[in-house]
Amino acid sequence: MVTFFRNLAFSYAFLAIFLSAGIGVFLGVESFGINYGQVANNLPQPDKVLELLSTLNLTKTRIYDTNPQILTSFSNSNIEIIVTVENEILSQLDDPQQALQWVNSRIVPYLPETKITGVQVGNEVFTDDDITLIEHLVPAVVNIHNALAQLGYSNIKVSTPSSLAVLDQSYPPSAGSFKSEISGIMYQFLNFLSSSKSPFWINAYPYFAYKDEPNGISLNYVMSNPNAGMVDPYTNLHYDNMLYAMVDAVSFAIAKMGFKGTEVRVSETGWPSKGDANEVGATPMNAATYNRNLLRRQMAGEGTPLNPRMRLEVYLFALFNEDLKPGPTSERNYGLFRPDESMTYNVGLSALATSSATTSSSSSISLASSGTKIKVTPWEYKSLVNWMFVFVLISTLYG
């Protein structure tokens, strides 16, 4: 009982300091970023997006191109940004001079005012439907890296994100191995990462595994809720969530290629709040739970069971719902926010919304998952994320 009251007193004291200081939920979570996709015709202007990210105290984002409006708007801010070379132009970058020209026109004009920290060369190239792209990947990566170094920007890391489909096996994690048909080019790519000390990025979605086999996979395990987890029979490592198992499967695959120690980071993970009838689990409640649990682990600075002392860097997908994305309904519903900047779903504090609505004459914070779209002010965003932080803190302290 004494311990309980001591913890309770600590919580209230921390809460008072936290709220009075106006600290946002993501402050200090250095390993957490968010993907800013733009496949939509109704998104806020980049300066408004910058305001939103700043209000949330998010300092890392990734875009899927080199949009000049975004790179200009984000200048002189504290946002670190990873840009992307579109798949469609990879073949052009086989030529070192073309790569140098690309860097000079797409990157250099925005430095150093805009904090460009990385270049992703293509997206999921190893598993793209256009099988000819893979031939251009490593030359393009090397040429972009060399161009940046030649111009004095070797601090900007170059890599490419891959889907989990690059693995031939992923369960148990220690069995992780790359598909044989890509092993030759994968070896070349890993050799580049090793020599340049760049990370391997993976798009990892436990949601897809659950959707495909909802009766065979524990939802709690997939969503990082309390569960018994699984033990890898070959390493005796215990996994209580699928995301970490996916990441370690990639690490084991890399080690089997002779490049043990290469850092694996998560370029995309997330959960859709809406889906088609056959997209099991795509609900606002599940999306809120997955993202909240992910945030809690990020705040704790966790590593995976294989690399517990290396904080796992994760980029959440995504900032906004994107109405022009092709494919099933879920593809258009990964966003934390709607295009009008209202939150997409309940973050777990519905009672707070009721209280706010009855005590404030200004616009209330909508935490409900209904179709109501209530736009909130920057102060209200900060109030919301403050309470999200408190929710995660108390959940951690009291289980």
Looking at the structure I just gave you, is residue 291 outside any loop (DSSP other than H, G, I, E, B), under 15 Å from residue 35 (Cβ atoms) and open to solvent by less than 50 Å² (accessible area, probe 1.4 Å)?
yes
Tally up the residues in segment 213-238 that are among the hydrophobic types (A, V, I, L, M, F, W, C) and not in a helix (DSSP H, G or I), please.
5
Name the single residue, out of those in segment 213-234 being over 22 Å from the mean Cα position of the chain (by Cα) and open to solvent by less than 50 Å² (accessible area, probe 1.4 Å), that is farthest from residue 279 (Cα to Cα).
232
Run residue 168 past the list (1) in a strand (DSSP E or B); (2) surrounded by fewer than 17 Cβ atoms within 10 Å (Cβ to Cβ); (3) in contact (Cβ under 8 Å) with a residue 24 or more places away in the chain and report the number of the one that doesn't hold.
(3)
List the pairs whose first member sits in segment 244-271 and is touching a residue at least 24 places away in the same chain (Cβ under 8 Å) and in a loop (DSSP other than H, G, I, E, B), whose second member is among the aliphatic types (A, V, I, L, M) and open to solvent by 20 Å² or more (accessible area, probe 1.4 Å), and whose Cβ atoms are under 7 Å apart, counting only residues at least 6 apart or on separate chains?
263/310
Return the pair list, or none, for Cβ contacts closer than 8 Å from residues in segment 128-143 that are under 19 Å from residue 180 (Cβ atoms) to residues that are open to solvent by 30 Å² or more (accessible area, probe 1.4 Å) and not in a helix (DSSP H, G or I), at least 6 apart or on different chains.
134/128
Residue under question is residue 184, and the condition is that it be open to solvent by 30 Å² or more (accessible area, probe 1.4 Å), over 17 Å from residue 106 (Cα atoms) and either touching a residue at least 40 places away in the same chain (Cβ under 8 Å) or not hydrophobic (A, V, I, L, M, F, W, C) (or both); does it hold?
yes
Return the residues of segment 83-135 that are under 24 Å from residue 152 (Cα atoms) and touching a Ser or Thr at 6+ places or on another chain (Cβ under 6 Å); say none if nothing qualifies.
83, 106, 113, 114, 120, 121, 122
Subset of segment 290-349 that is of a type in the set (Gly, Ala, Ser) and modelled with pLDDT of 95 or more - its residue that is nearest to the chain's Cα centre (by Cα)
318
What's the total number of residues in segment 196-212 that are crowded, with 20+ Cβ neighbours inside 10 Å and either part of a strand (DSSP E or B) or on the phi > 0 side of the Ramachandran plot (or both)?
4
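The values are calculated or read from the model by the stated rules, or taken from the named source; none is laboratory data. Remember, predicted model here, so these are calculated numbers, not experimental data. Glycine gets a Cβ as well: all are built from the backbone with ideal geometry, and neighbour counts include every protein chain shown. Areas reflect the complete protein model, heavy atoms only, side chains present, ligands, DNA and RNA absent. Shrake-Rupley method; radii C 1.70, N 1.55, O 1.52, S 1.80 Å.
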